[in-house]
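Scroll down for the structure; my scribbles are underneath it.
Each reported figure results from applying straightforward, stated rules to the coordinates on display, with no laboratory input. Fair warning: this is a prediction, and the values are worked out from it, not measured in the lab. All Cβ positions, glycine included, derive from the backbone under ideal geometry; neighbour counts span all protein chains shown.
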Amino acid sequence: MTTQTVITLPPYRRGYHLITHIIENELPDLPDQGVLHVFIKHSSAGLTINENADSTVRTDFESFMNELIPENHPLYMHTMEGTDDMPAHLKASLLGSSVSIPITNGRLNLGTWQGIYLCEFRNHGGNRKLVITVVS
Amino acid sequence: MTTQTVITLPPYRRGYHLITHIIENELPDLPDQGVLHVFIKHSSAGLTINENADSTVRTDFESFMNELIPENHPLYMHTMEGTDDMPAHLKASLLGSSVSIPITNGRLNLGTWQGIYLCEFRNHGGNRKLVITVVS
Amino acid sequence: MTTQTVITLPPYRRGYHLITHIIENELPDLPDQGVLHVFIKHSSAGLTINENADSTVRTDFESFMNELIPENHPLYMHTMEGTDDMPAHLKASLLGSSVSIPITNGRLNLGTWQGIYLCEFRNHGGNRKLVITVVS
């Protein structure tokens, strides 16, 4: 049986944010075994799984990714929507639009140090919509 | 119930190409809720989800990714299959071999501005095979 | 019906390693059609799909990714766990924590040249746990 939920996240500042607890709070009763699929309906934000403990990991993600994929690159032709827009599209594809996580014994089976990150690549991204699907 | 379809794409030139319509045309009747999994059976091409409107986004993907992952890098040892081959493998893993998209009310639940890209990393990649699986 | 298995990999040296055969050996009987989801429960290692033939592809992955995401970058604040730690987190998100592969006629439907890589980003990563879920 498949169940689905939509979550509208409030606006987050540009950067990387732990949202595991927000997703867990919105989940229906989970099956014994399955896969949780989380999808973000935007092309200038992303989702990834990474360290859930030290917040400097998230700070380093923001600063390193900004250096790897800079604003104002002379190659960019897609510049009409702001200097943060084309880098946001590139980051969205490099980090991805969805994460999928095993469900075991009715709980997300993440590693001890893993959490779900919202990656907000725009300066003013606004609300972001997630579609959560439980497949079992 | 799970259903599966294979699509053989015609050769595309090197670059990033919107293929949402091609996939939608080949889909069976979709369930009310589920996940669509699209997989590319090649290690020198990829799939990603990004902006579906302005074609300069796709142009910028090609030019930026070529700079990020250059040909003829002095480190490369895998050079026998052409200068575009090792960069193609690296891009394939950074962008990914599959995308998965929620299905809601019998339709793909993409955001308004999202589309599915075929990422053709080779100069002469030829036909590319996709395996489409609907899980519900 | 969903089935799930946990695999504990032995320690691998830093680098990229073909583990398709290890996963295939641990699989239960596979359904006619479905999706195999492989998830790594760590934030400093990853999984990806790439070329399964020439081992220099894996060598080039290691050397290129080390140059793309260097150790000792002056921006990094998360440095307490060793110079290989923050690059490992970044690589883990860029390459991803899971792969999903179609199942067709009771077998993994990989392309001829595709295999599953364990990406070990730490110098001494130790055992790594994978959760394998078959959805059909």
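Worth pointing out:
- Under 25 Å from B:Lys129, Cα to Cα: lysines that are on another chain or at least 8 residues apart: B:Lys41, B:Lys91
- Sequence-separation-based contact order of chain A, relative, with Cα cut under 8 Å and 6+ spacing, percent: 55
- Charge dipole of chain C (Cα centre as origin; +1 on each Lys and Arg Cβ, -1 on each Asp and Glu Cβ, all else neutral): 260 debye, rounded to the nearest 20.
- Under the convention that each Lys and Arg Cβ holds +1 and each Asp and Glu Cβ holds -1, the size of the dipole of the protein assembly as shown around its Cα centre is about 480 debye.
- Taking every DSSP beta bridge that has both ends in chain C, the antiparallel portion is near 100%.
- Separation of region B:98-136 and region A:50-93, taken as the distance between their Cα centroids, equals 24 angstrom.
- Kirkwood Rh and Cα Rg combined as Rg over Rh, evaluated for chain C: 1.01
- Relative to the longest principal axis of the Cα atoms of chain A, the long axis of helix A:55-68 lies at roughly 40 degrees.
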